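*Asks:* Sharing a structure with you now.
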Amino acid sequence: MRDLTESNVTEAVLDKIADDTNPRLKEIMTALIRHTHDFVREVNLSSDELLYAARFIQNVGQISDDKREEGVLLGDVLGITALCEILGDRVRVGATESSLLGPFYREGAPAREMGADISHGDETGEPAYIHGKVVDSDGNPIEGVILDLWQTTPNMFYEAQVGQPDPYEDYAYRAKFKTGADGRYWFLSRKPVDYPVPTDGPVGLILDGTGRHSWRPAHLHYLVYKDGYQTIQTELFNSDSQYLDSDAVFGVKQSLVVPYTLNDDPAEAARHGFTGPFYEGHYDFVMKDDASVVDAEKAYSQRASMSS
Ligand SMILES: [Fe+2]
């Protein structure tokens, strides 16, 4: 029997991985073990600190439910989610860039008629008309694309979020729209507002302990999908937000920043059903078809193997 030492304990653990382990699982577990062992060596982690970390992870799970995903938020504030998105976008060059799903996505948003008011008649906040189209790499409109979108209410909480101070209808500020032959989409809402991520859980300890603020720049979340095309998971950010350069979860990319222009034309307002000036936001989504992405993946792996 060989005593474990600082230098051989990592190999001892790696040797336990069975030869017939799923190759991808083996790749991930091998790297995970190597990197976490190196991390422990680098910071000289104490047993007390390891116990604290274990309880931290337990708390992440205990505070989570179907309306709060603290584990997602943890990955977000550590920039891990942003890094995954950046890596994924390498094979979708030319498509609308990705951004975080975030911890507040809810499946089952209702399908709405194009042009619907996703605020369900909310009269707080600032009225907004948001529109654009979905096109392919050649600029051709794509029919039958679903835009599954969600944003906070004007009081800085998602409608179902724990702590929401106002009663909102279930799925307010969430909706699905389906493009027609012209690829266009349009709907009414209230202009998105800056909001803080929740800090009353374990993730808040990280932000507080490292001197970070919890604010996110105002944004609208989108999942844009259709069979045969790469799903776009992204966010569009208000260009006038003061937090564009300091998003607590690192989601902002220049290509996703959208100006909201004040429109005070009474006729235009009336056409959209507004009674006064409103903000107008415009964005066109570009989707890549699955075939072009397969080619891009091959191209990337070839480049990677040539440069290594
Ligand atoms: Fe969000």
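*Asks:* Helix-derived [θ] at 222 nm for the chain: sum -39500 (n - 2.57) over DSSP H runs of at least 4, divide by residue count, nearest 500? Provide the component values of the computation, followed by the final result.
*Replies:* Numbers: 8 runs with 94 residues, N = 308.
That comes out to -9500 deg cm²/dmol.
*Asks:* Please report, largest first and rounded to whole Å, the three semi-axes of the ellipsoid equivalent to the range 19-60, where each semi-axis is the square root of five times an eigenvalue of the C-alpha gyration tensor.
*Replies:* Numbers: eigenvalues 125, 43, 9 Å².
Ellipsoid semi-axes (Å, largest first): 25, 15, 7.
*Asks:* Mind checking the log10 I(q)/I(0) for the range 238-287 at q = 0.17, 0.18, 0.27, 0.29 Å⁻¹? Debye, one equal scatterer per Cα, no solvent, two decimals.
*Replies:* Each listed q corresponds, in turn, to -0.66, -0.71, -0.97, -1.05.
*Asks:* Ok, one more. How much net charge surrounds D264 when only the other residues with a Cβ under 14 Å from the Cβ of D264 are counted, with Lys and Arg +1 and Asp and Glu -1? Walk me through the intermediate numbers first.
*Replies:* Details: positive: R271; negative: E126, D265, E268, E280.
Cβ neighbours under 14 Å give a net charge of -3.
*Asks:* Identify, among Q230, T124, V72, the residue whose Cα sits farthest towards the positive end of the charge dipole of the chain, taking +1 on the Cβ of Lys and Arg and -1 on the Cβ of Asp and Glu, with the dipole about the Cα centre.
*Replies:* Q230
*Asks:* What translational diffusion coefficient, in µm²/s and rounded to a whole number, does the Stokes-Einstein relation yield for the range 74-294 at 4 °C and a viscosity of 1.567 mPa s, taking the hydrodynamic radius as the Kirkwood radius over Cα pairs?
*Replies:* Rounded to a whole number, D works out at 72 µm²/s.
*Asks:* Which net charge results when you count Lys and Arg as +1 and Asp and Glu as -1 among the other residues whose beta-carbon is under 12 Å from that of E113? If you can, show how the numbers build up before the last one.
*Replies:* Working: positive: R112, K176, K178; negative: D117.
Net local charge, E113 excluded: +2.
*Asks:* Also, I was wondering about something else. Give me the net charge for the shell around S239: Cβ to Cβ below 14 angstrom, other residues only, Lys and Arg +1, Asp and Glu -1. Mind showing how you got there, number by number?
*Replies:* On the way: positive: K191, K253; negative: D194, E235, D240, D245, D247, E280.
Net local charge, S239 excluded: -4.
*Asks:* Any idea which of A218, Q164, M287 is furthest toward the positive side of the dipole for the range 74-294, if Lys and Arg beta-carbons carry +1 and Asp and Glu beta-carbons -1?
*Replies:* Ranked along the dipole, the leading option is M287.
*Asks:* So, with +1 on the Cβ of K and R and -1 on the Cβ of D and E, and no other charges, what is the size of the charge dipole of the range 74-294 about its Cα centre, to the nearest 20 debye?
*Replies:* Working: 17 positive and 34 negative charges, 74 e Å.
For this selection, approximately 360 debye.
*Asks:* Something else now. Cα centroid distance between the range 234-274 and the range 119-186, in Å?
*Replies:* 13
*Asks:* Using a 10 angstrom cutoff on alpha carbons, build the Gaussian network for the chain and name the most mobile of N155, N59, N22.
*Replies:* In the Gaussian network model the winner is N22.
*Asks:* Using the count of nearby Cβ atoms within 10 Å as a rough guide to exposure, how do W215, W186, W150 rank from fewest to most?
*Replies:* Numbers: W215 18, W186 15, W150 23.
The most exposed by this proxy come first: W186, W215, W150.
*Asks:* In the structure displayed, which of K133/K176; K176/K253; K178/K288; K26/K288; K226/K253; K133/K288 lie more than 26 Å apart, Cα to Cα? List each step's numbers first, then the result.
*Replies:* Working: K133/K176 15 Å; K176/K253 24 Å; K178/K288 18 Å; K26/K288 31 Å; K226/K253 24 Å; K133/K288 14 Å.
Checking Cα-Cα distances, K26/K288 exceed 26 Å.
Only the coordinates and a few stated rules stand behind these numbers; no lab work does. Note that the structure is a prediction, hence the values are computed from the model and not measured. Methodologically, a virtual Cβ is constructed for each residue, glycine included, from the backbone with ideal geometry; neighbour enumeration extends over all protein chains shown.
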